[in-house]
Structure formats: C-alpha cells, structure tokens
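What follows draws every value from the coordinates through simple rules; no lab data is involved. Quick caveat, the model's predicted, so the values are computed rather than measured. Positions of Cβ are backbone-derived with ideal geometry, glycine not excepted, and every protein chain shown enters the neighbour counts.
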Amino acid sequence: MSTGQNRIRESEHEDVSLGVDALDYDYTNFYFGSGEDAFALLEPFKAWWDQVHPRGYYQYELPLHSAPATTVDVEDTKTHEVRRGLINFASYNYLGLSYRDEVKAAIKEAVDVYGGGSSGSPILSGTTDLHRRLSKQLAEFKGKEAAMIFPTGYSANVGVIAGLMRSGDLIVADQFAHASIVDGMILSKAKSRFFRHNKPADLDRKLRGFDGKKLVIVEGVYSMDGDVAVLPEIMEVARAHNARVLIDEAHSTFVFGDNGRGVAEHFGLDDEVDIHIGTFSKSLGGQGGFVAGTQALIDYLRGFSRSRFFSCALAPTVVAGISKALELASNEPELRTQLWKNVDFMQARLREAGVDVAESESQVIPIMVRNDAKVFDIGEQLLREGVFINPVKYPAVGKHKSRFRMSISAAHSRDELDRGAQIIIDVLKSNEII
C-alpha cells in the first residue's frame, strides 16, 4: 500500500490534522496495493471517497431528468434538488438530433416490431434487417465498400485494433489517444509506442527501424482539447514507413468535411486513410460505434473483433433512431452550417473575455482552469448559477491541466450561448482565473 493510501487510512476523516488534504489524492493513489486480499484497497479507498465525494466528485454522474437538449433538468445529488433549465454544455449531441421528433418516431415504431433488445450476438441471432440497413447507410455515407456496427465506440476501437494487430507488430498512437485506443493496443499484445501530440517528426522517429507490420493511430478531433489532427503530415510519415493508418473520428464524423464525413474528408484524404472509426453517441445523439473500410477488412474483422463477436448487438430501437438521425444529418447540411456558426460565436466570445480555450478548432472547447485545487469549487458555482458543464482533472488530463469540457450544439440558440458564456466568464473572474 502506498504512503498516500496509508495516510488516508490512518487519518480517516481527520486528514487536516496531518496537513494532508484528501483532494490532493486521486484514483491513481489506489491503483496498486500490497497483500493477498483483492479487497485490501477498498477500505482506504472508501475513507478517501467519503471525504472527496461531497467536496466535488459528486459532480460526476449527476442524473438528468430530461432529454440532453440545450437546456436540461439536473439532479444535484449534494443538495437533493432538481435544478431546472440549466444551459447544457456537457452533452455531445452536436447536431441536436437525439430528441428530434422524427428520431423518436422511428424508435417508437421499432419498439412495436422488434421489442426492447436484440437478445443475441451479432453473429448469431442479434442481427436484424435494421442493422443491415444501417451498415449499408454508413458505408454509402463514408464512401467505403463496407461498414460494421459495434455496441459502443469503445468496443469499436478495442475490437478493431486488437482484432487486426498481433504480438510482434508495432502500433504507434498519438499520446492524446482515447482510452479505448490504448486498451485496444494493450489487448493486441503488439509493441506499443506513443508519439508526441500532433508531432509528425516524433512519429517518424517512433516508426524508424521497425520492419514488421505497423499501424499508426490518430483521432480526427481530440476529445479533451478540441484540436484537429495534422493528418496530411501524419499520412506522409506513415506512408514513408509503409504503415497503415487508423483514424478515430468520434468527434469529427458528421461535423467536418464538405459532406460531413470527417477530418479525413476535410483534408481530402478520405481514400488514403485505411481504417475509419466513428461513433453514434456524438453527432447523431445515439449509442454505438462503427468501422468503415474495404469489404476484405470488414469481413476479416467480423471474425476477429472479440468486443463485437462476444457482445449483444445494439438494440433495434437504438439502431432505428441512429438510422433516422443519419438520414437527417445527410439531408440537412444546414445543421453543420449552424453548428459552425455557434462554434465561431462561442470561441470568439470566450477568447475576447480572456478565457483560455487552448488550441481548440472545433465544437469541443476546453475551458482551461489549470488549477486542480479550484476546479471542483468552480464547477459547483457554475451548476448553481445555471450552467451544466463537467469538470475534468487528473488523471483524465495532466496535472495542472484541469478544465471544463464544453460541447456546442447546432441546436443552441444565440441567447443560450451568450448567457452561458457570461456565466462562465463571471465565475472565472470571481475565482481569479481570468
């Protein structure tokens, strides 16, 4: 057991007497433990959790009492109140599609035909005609030969990476890659390396001298920083080393590019990227993930992507809603136009007030606090003042890089954006962050 864990355990709730603040610790302090009992860490963890939960961690998993629209009703589990009409900058739902009447109608119709769930793996009884139709829609939308659906975006990355790469191969990913990418790399048992964020020269160094199979992994838009992959330069380096390229477009599919296909399309590299991964939970407001590519790739992964092979298929009701949302996103490009207008407005509004939004180039806007000790207090103030937005601190981001992650939707009104921005600015000023 680490020194930090011993202190928490010994001090119980009297951490101040030792000059130690429980908020100085985090989940990483309770990752390893000694002894023979697998439950040995539970007692010191609980002593820590009982102290820190009411002081800030309660802000995670706050129950919503409404759809993830531009304003939401949120249960404050600290005061046991339901705070109504909060301006919502926490939910993805970038195109505002999850609660569209057409999407809800498609879901209701599917319930009458298919019931609640799939009740089977995709390879056995879990595939319906709705799943087949959505796969075809996705392939056509992405301009690829085939596409395959996964239960979650997480399982898509894990299943594709571990399904394709093997021990003795090399995977090199951007250092800011999502946890699902990292877990896929671990499960593949391939040699894993990380290159410095958006630094093609470092990618070149990491690929140099390896003669086996190689896979380079990047994201289109990085989920905590909102910046975009320097894809042209990365592709150039990857091709020079005969490496295949996977792009995770979770936060960029249906948003970037002339047709909304993502960052790869934005840079004119749609046909150069080998593997395209995306999710339904971001722009389409649903659930699940997908991979698109050649028919040969999809057929191979169908047998080797264990996270799909051994999972229950997405519920037909969910699939029906996604299918309708994809149809709307394809037929209404004005949704993307409005989203970018809202992004430009919010980016300008915050920057002009001196708010640090890092290098964001997208609808994902980090509100940088860079003060791990204050971020929870600021989050509580924002909640009380009428803004629903999530605090993020180590280990989800680096030490002293605490922030709030803002998500902008096409459905946000200018008034909602303006009022929300002013609340954030006022609270940051009162805490001397700006």
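Some observations on this one:
- Computed helical MRE - 222 nm, the chain, DSSP H runs ≥ 4 contributing -39500 (n - 2.57), nearest 500: -12000 deg cm²/dmol
- Simple spin-label estimate for residue 104 and residue 186 in nanometres, 7 Å along Cα-Cβ: 4.0 nm
- Loop GluC sites (Glu not before Pro), region 358-434, which have at most 10 other Cβ atoms in a 10 Å radius of their Cβ (DSSP): 432
- Antiparallel DSSP beta bridges within the chain, percent to nearest 5: 55 percent
- When 355, 52, 111 are arranged by Cβ crowding within 10 Å, least crowded first, meaning fewest neighbours, the order is 111, 52, 355.
- Using the Cβ of residue 395 as centre and a radius below 12 Å, the other residues enclosed give a net charge of +1, where K and R count +1 and D and E count -1.
- Residue with peak Gaussian network fluctuation, the chain [Cα springs, cutoff 10 Å], from 405, 308, 83: 83
- Whole-number percent relative contact order across the chain, with pairs defined as alpha carbons under 8 Å at least 6 apart: 20 percent
- Approximate spin-label separation residue 179-residue 330, in nm, with each point projected 7 Å along Cα-to-Cβ: 3.4 nm
- Take the Cα of residue 145, go 7 Å toward its beta carbon, and the backbone nitrogen atoms of region 300-314 under 19 Å from that spot belong to 300-305.
- Fully extending the segment from residue 37 to residue 312, taken as 0.36 nm per residue of separation minus the present Cα-Cα distance, adds 95.7 nm.
- The charge dipole of region 269-316, taken about the Cα centre with unit charges on the Cβ atoms of Lys, Arg (+1) and Asp, Glu (-1), comes to about 400 debye, rounded to the nearest 20.
- Antiparallel bridges, percent of DSSP beta bridges restricted to region 101-331 (to nearest 5): 35 percent
- Above-threshold pairs, the threshold being 22 Å between Cα atoms, out of 341/401; 282/399; 191/393; 78/429; 46/78: 341/401; 282/399; 191/393; 78/429
- Neighbour cut-off at most 13 other Cβ (10 Å), DSSP loop, chymotrypsin sites (Phe, Trp or Tyr not before Pro), region 27-92: 31, 32, 39, 60
- Label-point gap, in nm, between residue 430 and residue 396 - each point 7 angstrom along Cα→Cβ: 2.2 nm
- Using the Cβ-Cβ distance between residue 136 and residue 351 with R0 set to 45 Å, the FRET efficiency from 1/(1 + (r/R0)^6) comes to roughly 0.60.
- Of 129, 76, 26, the residue with the greatest mean-square motion in the GNM of the chain, using alpha carbon springs below 10 Å, is 129.
- For 123, 181, order by how many other beta-carbon atoms lie within 10 Å, fewest first: 123, 181
- Highest GNM mean-square fluctuation among 79, 71, 337, for the chain modelled with Cα contacts below 10 Å: 79.
- Summarising the strand pairing of region 173-264, around 10 percent of its internal DSSP beta bridges are antiparallel.
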